[in-house]
Structures are given as structure tokens and as C-alpha cells.
Amino acid sequence: MKHKHIKRGHYNNFYENHRIGERTRVGSFCDIGGKIGNDCKIQSFCFIPPGVIIEDGVFVGPGVIFTNNKYPKANNPDFIPELTIVKSGVAIGAGCVILPGIIIGENSLIGAGSMVTENVPPGEVWFGHPAKFQRKL
């Protein structure tokens, strides 16, 4: 797939049905199978599988792992990815793990190294392992 007006690093793996919006930057060594909006910055070493939707203006720090299956199996012909949505304006710090089926609300901030196990309301700061509410922005 040809990408218009994006910058991307080296050695990326783009899955068959991925989508990347305009003016989005994707660092090196990323696996992209989800849908990424416009004006996003995806840093290196990220895993964004099918079932993940990232809206416009989102920052995803290096080494962020999204998951799309709570109970993975090596062989599952009936697999359907669980939907995870990252709303516009979100910032996700380096090394976070985002479990499947999560919605991260607009303009929220997820601190580095966090594991997000539940929905994050708009405009909040969450961090920890598991991530918990810290304060409003």
C-alpha cells in the first residue's frame, strides 16, 4: 500500500488491511495492522495489530504494545480481534501495554511503563501497573 504524506522508518511490517492517515510519522521496527489517523506520531518498536483504531493527533511512545485478544491461541480459525480505540489527542508513554477492548478517551495521558487494563475517561492522567487514575488534565 502506498502511503501519502507520511514519514516512516526502516524495517516496518504493514499488515494487509492497515491504514495510516496523512502527515503521520511511523518510526522503525513497527508492526502495523490497525488503523491510524492523521497527524499521529508512532515511535519505533511499536506493535499495533488489527482491531486497534488510533484517531487523529495521537502520540504513541517507543515500545508500546497493543493487544487484540484476551485469550490467544496458536491456532484459532475463528479469531476476531477485539476492538481497542484510542481517541484523538491522546499521548501514550514509552513501554506501555494496552489490553484489548479498551477505550482511551480524548486528550488523556498514559504514563510510561503502564499497563492499561480498563477504559480511561477523557482528559485524565493514568499510570502504573495496572494503570490507575492520577489526576484530571
Summed side-chain charge close to His18 - residues other than His18 whose Cβ falls under 12 Å, Lys, Arg +1, Asp, Glu -1: +1
Peptides ranked, highest mean first, by Cβ atoms within 10 Å: ranges 122-132, 37-47, 75-85: 37-47, 122-132, 75-85
Total formal charge among the other residues, if their Cβ is under 14 angstrom from that of Thr84, Lys/Arg +1 and Asp/Glu -1: 0
Rounded to the nearest 20 debye, what is the charge dipole size of segment 7-136 about its Cα centre when +1 sits on each Lys and Arg Cβ and -1 on each Asp and Glu Cβ? 280 debye
Distance violations [Cα-Cα > 18 Å] among Lys35/Lys70; Lys7/Lys35; Lys41/Lys87; Lys87/Lys136: Lys35/Lys70
How high is the relative contact order of segment 88-137? Use alpha-carbon pairs under 8 Å, at least six apart in sequence, and give a whole percent. 31 percent
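Rule-based calculations on the coordinates, nothing more; no lab input. These numbers were taken from a predicted model, which means no experiment stands behind them. So basically every Cβ, Gly included, is an ideal-geometry build from the backbone, and we count neighbours across all protein chains shown.
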